[in-house]
Amino acid sequence: MNPERRFLTGHWLVLAGVLAGALALAMPASGGSATQGGAFPTSGKALYQKACMACHGPDGKGEPAERLGFEPLPPSFTDCSFATREANRDWLKVSQEGGPARGFNRIMPAFGGALSKEQLVAVINYTRHFCRDKRWPRGELNLPRPMFTTKAFPEDEAGIQSVYDTSDPGGSVKNKVFYETRIGPRGQLEITVPYNWVEVSDPGGGTTWQNGLGDSAISYKQVLYASLDTGAIVALGGEVILPTGDQDKGLGKGTSRFEPYVAYGQILPAQFFFEFQGGGAIPYDGAKANEEVFGRLAVGRCFYTGQYGRRWTPMVELLASKEMVSGEDTQWDVAPQFQVTLSARQHVRLGLAARIPLSQTDTRDVQYGLYLVWDWFDGGLFEGW
Ligand code: HEC
């Protein structure tokens with residue numbers, strides 16, 4: 001017998017004991033809801049000790065493999081990087097319906113029958129105290145991603161976004177691949193690489209389509225303020241856009257630009273929220289691009305299928321930008337859109353938008369946008385469905 005097997009069989013008793021305990025708790029479940037939770041304590045701490053501690057450990061770190069003898073091991077609630085990311089709603093779902101409800105292991109039992117919603121909320125709130133570092137913003141403040149307004153919440157995400165401009169002439173299909181990674185409790189680095197198709201005028205008086213790399217960007221943002229009590233999150237960011245696109249082909253501006261911005265997200269009552277981003281663009285070579293200021297506002301509401309199911313978020317963005325040269329008017333657009341979570345773990349999301357010009361409508365046409373994002377910290381792209 002190899003050592004690994006011996007380890008597992010040596011501990012099957014522990015596992016059986018723990019599972020039997022958890023099952024005993026989960027069993028009255030099917031009995032009906034009249035007595036639901038009645039036999040159990042109401043304080044979060046007492047509930048934790050009775051229902052969760054056997055696996056998650058007295059200190060929230062998870063009992064060690066030698067004690068449990070099964071995989072996967074419970075995660076550590078003291079690891080703030082893990083323990084602050086998900087909103088209470090997501091943890092309630094796992095505790096009520098069991099691990100598989102979010103694509104996790106079935107060893108994480110379903111307590112929905114044994115414990116009432118109030119008890120589950122109490123025990124989840126209790127697990128939150130294991131993370132001691134309050135700088136980590138809570139997952140509730142991670143509002144849905146609008147198509148054009150940059151979020152304040154730092155992410156570990158990767159994705160693609162395409163925007164199709166129907167203007168004729170002057171159409172384009174602008175695609176970008178982006179990769180975001182959190183740095184410490186409040187920072188985030190992002191790299192963006194675009195690949196575009198653009199319709200440009202040719203010397204003969206007509207137009208031709210060009211395609212190639214666009215202007216790539218690297219950006220950093222830092223959360224300055226985040227509070228679950230006020231439901232607000234504010235971040236300061238800066239983006240450096242590099243002239244990697246061929247200017248002669250109309251694929252790039254031919255100069256570096258710096259875009260400082262502030263991003264603000266606010267939770268409102270009844271699942272409403274808004275997000276704001278205001279900033280500017282400062283070109284290195286003023287002869288090639290103009291200075292610009294912009295303001296973007298997104299307002300939306302989250303809807304859920306079932307109590308903790310798929311999240312649908314209709315949103316509308318109001319977008320304003322102005323080039324800082326005399327005679328230039330402010331450009332206004334409105335962008336109705338929605339986002340939907342695709343995976344059971346809600347870590348793969350799709351966004352669809354239309355961007356409708358409200359000004360200069362003689363030269364500008366509707367644009368259609370699409371993105372797919374994957375929160376890679378939450379699991380592999382094909383995990384958790
Ligand atoms: C039988 C052992 C066991 C018991 C009892 C148990 N858990 Fe778990 N729990 C696990 C395991 C194992 C995982 C990790 C599952 C995975 O990674 O696939 C987990 C994961 C979790 C997660 C993380 C979900 C996420 O989003 O990553 C939460 C939250 C959680 N448990 C809460 C609780 C609460 C609250 C209780 C008590 C009411 C409890 N657990 C009782 C074994 C258990």
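For the chain, take the longest principal axis of its alpha carbons; what is the angle in degrees between that and the long axis of helix 12-26, to the nearest 10 within 0 to 90?
Its long axis makes an angle of about 80 degrees.
Rank these for me by crowding, M53, M108, going from fewest to most other beta carbons within 10 Å.
Working: M53 15, M108 22.
By the 10 Å Cβ count, ascending: M53, M108.
For Y195, enumerate residues with amide H under 5 Å from its amide H, sequence gap 5+ or separate chain, H modeled in the peptide plane.
Amide H neighbours of Y195, under 5 Å, 5+ apart: N175, K176, V177, G214.
Only Cα pairs within less than 10 Å get springs; with that Gaussian network setup on the chain, which residue of T207, T127, T192 has the largest fluctuation?
T207
Under the Kirkwood approximation applied to all pairs of distinct alpha-carbon atoms, what is the hydrodynamic radius of the chain in Å? Don't jump to the answer; show the numbers that get you there.
Values: mean 1/r = 0.0425 Å⁻¹.
Over the chain, the inverse of the mean reciprocal pair distance is 23.5 Å.
Determine the distance separating the Cα centre of the stretch 212-283 from the Cα centre of the stretch 139-191; give it in Å without decimals.
Going from one Cα centre to the other spans 9 Å.
Gaussian network model of the chain, Cα springs within a sub-10 Å range: biggest mean-square fluctuation belongs to which of G206, G214, G309?
Its mean-square fluctuation being the largest, the pick is G206.
Output the lone cysteines of the chain: those with no second cysteine's C-beta under 4.7 Å from their C-beta.
Cys with no partner Cβ under 4.7 Å: C52, C55, C302.
Could you tell me the center-to-center distance, by alpha carbons, between the stretch 50-66 and the stretch 314-385 in angstrom?
Here the two parts' Cα centres lie 43 Å apart.
Counting Lys and Arg as +1 and Asp and Glu as -1, what is the net charge of the other residues whose Cβ lies under 10 Å from the Cβ of I218?
-2
Determine, from the Cβ-Cβ distance of E118 and L213 and an R0 of 51 Å, the FRET efficiency 1/(1 + (r/R0)^6), rounded to the nearest 0.05. Please report the intermediate quantities before stating the final value.
Values: r = 55 Å, r/R0 = 1.08.
The computed FRET efficiency comes out at 0.40.
Under a 10 Å cutoff between Cα atoms, tell me which one of P194, P58, P269 has the largest fluctuation in the Gaussian network model of the chain.
Residue with maximal mean-square fluctuation among P194, P58, P269: P269.
For A354 and E323, calculate 0.36 nm times their separation in residues minus their Cα-Cα distance, and state this gained length in nm to one decimal. Can you show the working numbers first?
Values: separation 31, 0.36 × 31 = 11.16 nm, distance 2.28 nm.
Extra length available between A354 and E323 comes to 8.9 nm.
Counting each DSSP H run of 4 or more residues in the chain as -39500 (n - 2.57), what helix-only mean residue ellipticity at 222 nm follows after dividing by all residues, to the nearest 500 deg cm²/dmol? If you can, show how the numbers build up before the last one.
Working: 9 runs with 64 residues, N = 385.
Rounded to the nearest 500, the figure is -4000 deg cm²/dmol.
List nothing, just return the count: lysine pairs in the chain, 8 or more apart or interchain, with Cα separation under 22 Å.
So the count works out to 27.
Each value in this text was obtained by applying a stated rule to the coordinates, not by laboratory testing. If you're wondering where the values come from, they're calculated on a predicted model, not measured in any experiment. When we count neighbours, we look across all protein chains shown, and the Cβ atoms used for this are built from the backbone with ideal geometry, even at glycine.
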